[in-house]
Amino acid sequence: MNEPGIQSLMDQETLDDRIRRGETPRWVRDHWESFRDGLLGRRNGTPFPCFFGAESVANGDPLYTTVPSMSDAEALLTLRDRVLEYLEVYRAHSDRASLVTFFKPPETPLSEREYHESLWHILQTLHLHDPEPWPEEIPTDPDDPYWEFCLGGEPMFPTCRAPFYDARKSRYCPIGLEITFQPRALFERMGVTADTDAGEHAREVIQGRLEGYDGVCPHADLGDWGVEGDREWSQYMLSSDDDQAPETCPITVTREHPKPAARIP
């Protein structure tokens, strides 16, 4: 961790220090400032809806990496390595150590449809090059309330911010795609899963803040893992225009797919 280069796994202090020293491209600086100001600022007099995320950034808990392309194979395989490295260290780093990934913005603006396609291309690539088998306890069918994305044997919740969220500012990033990976074990350690009183209370607070922060009702796809009728995959990148969002989950998951080595020669 904290090795040289923007594609390394960095703690928040190291990322901020490298940006202040001018050791990163401008897009990395712009991403960090947008992310930090979004989570720590207020909108419509309301703080950022996810108070766990806001507190973690205020305390310097997250880990970070940056990705120079949303489609280049080498960049995405390097991201795979960084996520696997994160999974090895996050428990010792902090109880709230999510992995925040900043992607280099495209040369020309993308439509919402293209951002959805990019997200699922990224997740499909990570899955196809996962060195660990898909966990036995997690279904492979995304149309199952207990399905969620897995990598390195860890179920996780990747959530996105992107430029097409004109109204839903809690998901808005003017720079480009951001994906925050949050292992299910992280929620379990905080005791805020859907089957706990604390988890139910957290959801009520977050959804109450969402309406004030965004100025619109919480998205209809928001729900909880394992709850009948809710689906995890559609929450990763919430739709803004239903006509541009996928109707079914665009990922193919297999348990038996031959997994390559964890590190690229």
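The values are calculated or read from the model by the stated rules, or taken from the named source; none is laboratory data. Everything numeric here is computed off the predicted structure, so don't read it as measured data. Ideal geometry is used to build each Cβ from the backbone, glycine not excepted, and the neighbour counts take in all protein chains shown.
Points worth noting:
- Check on PRO131, over 15 Å from the mean Cα position of the chain (by Cα), under 26 Å from ASP243 (Cβ atoms) and not hydrophobic (A, V, I, L, M, F, W, C): no
- If the condition is being surrounded by 10 or more Cβ atoms within 10 Å (Cβ to Cβ) and at pLDDT below 90, then segment 247-265 contributes ARG255, HIS257, LYS259, PRO260, ALA262, ARG263, ILE264.
- Segment 87-126, subset under 13 Å from the mean Cα position of the chain (by Cα) and of a type in the set (Phe, Trp, Tyr), residue farthest from SER8 (Cα to Cα): TRP120
- Counted residues, segment 34-72 - those being farther than 16 Å from CYS173 by Cα, in a helix (DSSP H, G or I), in contact (Cβ under 8 Å) with a residue 40 or more places away in the chain and polar (S, T, N, Q): 1
- Scan of segment 122-158 for residues that are surrounded by 19 or more Cβ atoms within 10 Å (Cβ to Cβ) and within 12 Å of GLU256 (Cα to Cα), ordered by number: HIS127, ASP130, TRP134
- LEU119 in a helix (DSSP H, G or I), crowded, with 19+ Cβ neighbours inside 10 Å and hydrophobic (A, V, I, L, M, F, W, C): yes
- Sole residue being at pLDDT 95 or above and either loosely packed, with under 13 Cβ neighbours inside 10 Å or among the hydroxyl-bearing types (Ser, Thr, Tyr) (or both), chosen from GLU114, GLU88: GLU88
- Some residue of segment 116-132 being among the aromatic types (Phe, Trp, Tyr) and under 26 Å from ARG36 (Cβ atoms): no
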